[in-house]
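Since every read-out is calculated from the coordinates, none of them should be taken as a lab result. Values in this document were obtained by computation on a predicted structure and should not be read as measured data. Cβ placement follows ideal geometry from the backbone for every residue including glycine, while neighbour counts extend to all protein chains displayed.
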Ligand code: 13P
Ligand code: SF4
């Protein structure tokens with residue numbers, strides 16, 4: 001029996017569902033029941049009737065699943081699969097930061113720890129951040145954290161003057177406009193796609209800016225044949241799968257390291273580790289009851305507003 005067959009057998013025996021983010025390897029995405037962006041995966045976690053959620057993603061995603069489905073057992077494939085963006089916003093420092101602005105609404109990107117979510121009024125993902133901020137009254141005072149690039153993008157799109165936490169994702173921060181221009185010279189007809197976690201210089205030259213799901217959708221419906229993709233390389237598997245005749249170029253990192261457009265945390269997910277996670281019921285996510293109650297409110301608020309706005 002292959003490891004993939006073993007995984008499917010275990011999944012069926014234990015009534016587990018496999019959720020995977022677009023940034024995992026193609027092999028991992030190919031065995032998942034649902035592959036999606038952070039927003040869709042949160043929704044799947046909230047509505048699944050499986051007993052076990054096996055999360056092929058990173059810790060904040062598995063924690064979000066546990067918060068939304070506390071009665072289910074949630075497993076993270078690799079206990080070291082963290083997120084540099086979530087790490088750039090320690091809860092203690094964030095608490096002191098927001099205490100300086102007592103009359104502000106706290107909006108946090110889903111890429112945060114549960115402790116930060118517990119300090120938050122509304123969680124957002126890159127699929128709904130602009131729309132959710134836009135849905136608030138014009139005079140609402142807003143703190144946005146932790147991603148400074150997404151924060152700037154949302155502030156520009158909505159015309160809001162937000163207080164923004166100075167955090168970033170190490171993968172997206174190092175995409176450069178120079179690397180894109182070099183690729184564009186070779187393929188002038190290619191459309192440039194960028195995730196809003198990229199620096200402003202990249203967003204300025206992008207034809208389309210959006211979440212992983214939004215970029216994927218664009219590549220399917222747009223008539224262009226070539227795309228330069230400025231986000232984590234895992235999404236190319238899904239883009240190629242859904243548009244086999246089109247050509248996708250991953251933007252090389254400005255860093256001398258060869259594969260910095262890979263998120264090393266997302267790439268910790270492997271089939272072997274998924275089998276082992278289900279066999280041994282590890283790494284199981286446990287969160288305190290108080291944190292679950294506090295962190296659930298802003299996530300549910302996001303899901304409710306997203307449904308009202310037709311984004312889910
Ligand atoms: P999406 O919400 O667009 O899937 O992005 C998640 C993420 O981790 C981006 O780095
Ligand atoms: Fe976190 Fe960046 Fe990896 Fe996304 S790509 S999970 S933001 S480290």
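So if each residue of separation counts as 0.36 nm, and I subtract the Cα-Cα distance between residue 71 and residue 33, what length gain in nm does that give?
11.7 nm
For region 238-312, what class follows from the C-alpha gyration tensor (a ≥ b ≥ c being the square roots of its eigenvalues): rounded when a/c is under 1.5, otherwise prolate if a/b is larger than b/c, else oblate?
The shape class here is oblate.
For 97, 144, what's the fewest-to-most ordering of other Cβ within 10 Å of each Cβ? Show your work: numbers first, answer last.
Values: 97 18, 144 25.
Sorted ascending by nearby Cβ count, the order is 97, 144.
Rounded to the nearest 5, what % of the DSSP beta bridges within the chain are antiparallel ones?
5
For the chain, modelled as a GNM with alpha-carbon contacts under 10 angstrom, which of 139, 272, 87 fluctuates the most?
Ranking 139, 272, 87 by mean-square fluctuation puts 139 first.
With the Cα gyration tensor of the chain giving a ≥ b ≥ c as the square roots of its eigenvalues, does the rule (a/c under 1.5 for rounded; else a/b larger than b/c for prolate; else oblate) give rounded, prolate or oblate?
It is oblate, given that a/c is not under 1.5 and a/b is not larger than b/c.
Could you check the spin-label model distance between residue 121 and residue 246? Points 7 Å from the Cα along Cα→Cβ, value in nm.
3.8
List 236, 193 from most exposed to least, where exposure is judged by having the fewest other Cβ atoms within 10 Å. Each step should come with its number before you reach the end.
On the way: 236 20, 193 25.
Fewest to most other Cβ atoms nearby, the residues stand as 236, 193.
Just subtract the alpha-carbon distance of residue 186 and residue 204 from 0.36 nm times their residue separation and send over the number in nm, one decimal.
So the chain would gain 4.5 nm between residue 186 and residue 204.
Do the sum for the chain: with -39,500 (n - 2.57) for every DSSP H run of n ≥ 4, divided by all residues, what is the mean residue ellipticity at 222 nm, to the nearest 500 deg cm²/dmol?
When only DSSP H runs of four or more count, the value is -12500 deg cm²/dmol.
How far is the Cα center of region 271-306 from the Cα center of region 72-138, in Å?
That distance is 15 Å.
Subtract the Cα-Cα distance of residue 272 and residue 170 from 0.36 nm times their separation in residues, and report this length gain in nm to one decimal.
Using 0.36 nm per residue and subtracting the Cα-Cα distance, I get 34.1 nm.
For region 72-166, place one equal point scatterer on every Cα, skip the solvent, and apply the Debye formula. What is log10 of I(q)/I(0) at q = 0.10, 0.11, 0.18 Å⁻¹?
Debye output, listed in q order: -0.26, -0.32, -0.79.
Based on other C-beta atoms within 10 Å, arrange 263, 83 from fewest to most.
The fewest-first ordering by Cβ neighbours comes to 83, 263.
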